[in-house]
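A short worksheet on the structure shown next.
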Amino acid sequence: MARPGRASSERGLLPLPFSAMSDETARLLTLHSARSASVLHRPRPLVVADKAARPASLPQGLALAELHVHVGSAVDPAVMWSIAHAQGIRLPTKNYWEFVQLITVDRRRVKGFDDYLALFHWTELIQSSPEAMERSVYEIIGGAYRRHNIQRLELRFNPMKRNRGGERDLDHIIAAAIRGMERSLLEYPVHAGLILCLDKAFDYELNEIIVHKAIAHAERGVVGIDIAGPESPSFSFARYRPLFSSAREAGLGLTVHAGESGTLDAMREALRSLRPDRIGHGIKAAHDPELLAELREAGVLLEVCPTSNLHTRVVGGVDELLWVLSTLASHGVPFSINTDGPEMLGRGLRDELNWLLRRRLLGYEQVLRCNQWAYAHSFVR
Ligand SMILES: [Zn+2]
């Protein structure tokens, strides 16, 4: 949740320990941090590849920020197993390893975006109680800190996909998630916040309720709203303009899933009608220089999730991923690196960043810059 005493002007300050950096890196980031917030949104194009030799992996002491993580795909399977049994949920198998297969990605079974979303059936069912949500959020934040030194973390979920069709009270689900977050923040030096997800396949009236709940819990740890879920032919971003305006007025951050499985037109509509602070994924914009310019001018950060995009086949392969990242960089569009779902996809943030470094998809300075952008664009104050 938000920690008191952090003025908004602090958003541009460096969270990175300088002792862990080279002199050149520290100099670059000092220059970067000295600029105003508006200039932060219009960075110079990133260096495409580091000329000098750089470490092959990030120092463990480097604090990381992650903005795009779904609760449904971020809990360790062993914990999910334990939660399911604590609640007496009848699972389709008594074999633990078969259960792990049920809630994690396997390229032979997951051949596209819809196959990936289908994995959430079991995780959302298991998390559908206040007790399950409290433990889930608690375990995610502690685990992210212990394993990856993530010190700024935003977690998102749809409370209506965790209330067993209306049997459970939404306020209890949300309050339990906040409780889990507060417990973990007592234990670890992490700043965290919750984002409530609307769903593209939901009726407008249901999504409206979620926005009202987000506003009602805004002072207690809910920091933003998102629209996620499967693409739906009847869905229109523009229809949500009034709801997004009221969320913005209530001080919530705004993000939406767009430019991933959906069309470029839909992403354009999302950007122009909702004026989000960030866009989840947004990688399809790489195909449209005009849209890239709009994103840069509006200072919108893209929450890029490389491994997720490869598994859902939204990105065709590593070569295409390199092209996407290079295109965003050369057009000066700020982006952060995220996992989307570290447990379901089998790769935590530090591993994701080190993988990008090893495969030379991003240079060392670029990874540091992405982490810096994640801090600067976080909804957690
Ligand atoms: Zn997502």
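For the reader, a short list of remarks on this structure follows.
- Within straight-line cross-link reach of residue 111, lysines at Cα separation under 23 Å, skipping those fewer than 8 residues along the same chain: 200, 284
- Region 244-315: C-alpha pair distances exceeding 14 Å, %: 56
- Here the 3J(HN,Hα) profile of region 366-381, calculated from phi with Karplus coefficients 6.51, -1.76 and 1.60 at θ = phi - 60°, is 5, 4, 4, 5, 4, 5, 4, 4, 4, 4, 5, 9, 5, 7, 7, 9 Hz, Gly and Pro shown as x.
- Taking other C-beta atoms within 10 angstrom as a stand-in for reagent exposure, 66, 249, 320 fall in the order 249, 320, 66, fewest first.
- Build a GNM of the chain with springs between Cα atoms under 10 Å apart, and of 193, 262, 221 the one that fluctuates most is 262.
- Every helix of 4 or more DSSP H residues in the chain counts as -39500 (n - 2.57), and over all residues that averages to -13000 deg cm²/dmol at 222 nm.
- This ranking places 199, 265 by how few other beta-carbon atoms lie within 10 Å of each, fewest first, which gives 265, 199.
- By the compact-protein rule of thumb, 2.2 N^0.38 Å, the alpha-carbon radius of gyration of region 166-272 corresponds to a ratio of 1.14.
- Net charge of neighbours whose Cβ lies under 13 Å from the Cβ of residue 199, counting Lys and Arg as +1 and Asp and Glu as -1: -2
- Legend: ranking of residues 191, 121, 70, 331 from fewest to most surrounding C-beta atoms inside 10 Å; resulting order 121, 331, 191, 70.
- For residue 107, the shell of other residues with beta-carbons less than 11 Å away shows a net charge of +2, using +1 for Lys and Arg and -1 for Asp and Glu.
- Highest GNM mean-square fluctuation among 94, 200, 161, for the chain modelled with Cα contacts below 10 Å: 94.
- Length-normalised contact order of region 65-376 in % [C-alpha pairs under 8 Å, at least 6 apart]: 20
- Net charge of the neighbourhood of residue 67, taken over other residues with C-beta under 11 Å away and scored Lys/Arg +1, Asp/Glu -1, is -3.
- Here the Karplus curve 6.51 cos²θ - 1.76 cosθ + 1.60, taken at θ = phi - 60°, turns the phi angles of region 134-151 into couplings of 4, 5, 4, 5, 4, 5, 4, 5, x, x, 5, 6, 5, 8, 10, 6, 7, 10 Hz, with x standing for Gly and Pro.
- Largest GNM mean-square fluctuation among 289, 77, 233, using the chain with Cα springs under 10 Å: 233.
- Here region 65-376 is treated as a Stokes sphere of Kirkwood radius computed over C-alpha pairs; at 10 °C and 1.306 mPa s its diffusion coefficient rounds to 82 µm²/s.
- Phi angles across region 314-322 convert, under the Karplus curve 6.51 cos²θ - 1.76 cosθ + 1.60 with θ = phi - 60°, into 3J(HN,Hα) values of 5, 10, x, x, 5, 4, 5, 4, 4 Hz, Gly and Pro given as x.
Coordinate-derived values only; no laboratory data. None of the values given here were measured: they were computed from a predicted structure. Using ideal geometry, Cβ is built from the backbone for each residue, glycine included, and neighbour counts are taken over all protein chains shown.
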